[in-house]
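The values are calculated or read from the model by the stated rules, or taken from the named source; none is laboratory data. All values reported here derive from a predicted model rather than from experimental measurement. Heads up, the Cβs are rebuilt from the backbone with ideal geometry, glycines too, and the neighbour counts pull from every protein chain shown.
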Amino acid sequence: MAEEEAGEVEKKDSGGPGRYFVLVLLILLLEGGVGYWLLDRAVPAPEVAEEVIEAEEDEVVVWKAPIYYEAMENLIVEPTSVRGKSMVRLSLALQVDDQVVVDELTLRHTIFWDLILRQLELLDEKDFRDPAKKKVKEMLVKALNAELKNPGVLDVMIIDIILQ
């Protein structure tokens, strides 16, 4: 009999899995409440977020395909050099702002061809050996925009270059 009473006492003390289930639920609710409170403080108010979205929508930029003038091919130049004779053959593409500039470049092609050759002959051989060729590009953009009625050359791209 004593053994039966001891078994009944143990059953009453354990309480079963229901007691742990309630405890786990309380802990999860507490964690969820604290997490919600922390995230609510970290995320900005909806009014502020709407103002940022409206400001971004106002600054919508329409992408426009770049326009290139690619008729400047096989320019042969003899740059100034200390070591002797050297030749440079290059092809250019001009990025322009508008189709009007392309039309003007097409009409006065030989004038711009000569202008580019004159500008390139002023450069040194080391300017052509520079990987970025910034000096070449900047000088050509300035010279072409000065000669154009509607200055609109944005960039000069060197498509092909051979230095001998």
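For every residue, the table says whether it meets (1) closer than 17 Å to residue 153 by Cα; (2) in contact with a helix residue (DSSP H, G or I) (Cβ under 9 Å, 6 or more places away or on another chain); (3) part of a helix (DSSP H, G or I).
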site	(1), (2), (3)
95	yes, no, no
102	yes, no, yes
112	yes, yes, yes
127	no, yes, yes
136	yes, yes, yes
139	yes, yes, yes
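Residues that are at pLDDT below 75, assigned to a loop (DSSP other than H, G, I, E, B) and within 30 Å of the chain's Cα centre (by Cα) do occur in the stretch 38-50. On inspection, residue 147 passes the criterion of being without any contact (Cβ under 8 Å) to a residue 40 or more places away in the chain, charged (D, E, K, R) and touching a helix residue (DSSP H, G or I) at 6+ places or on another chain (Cβ under 8 Å). Just give me the residues in the stretch 120-149 being surrounded by 13 or more Cβ atoms within 10 Å (Cβ to Cβ) and either within 16 Å of residue 69 (Cβ to Cβ) or of a type in the set (Gly, Ala, Ser) (or both), in sequence order. Within the stretch 120-149, 137, 140, 141, 143, 144, 145, 147, 148 meet the criteria.
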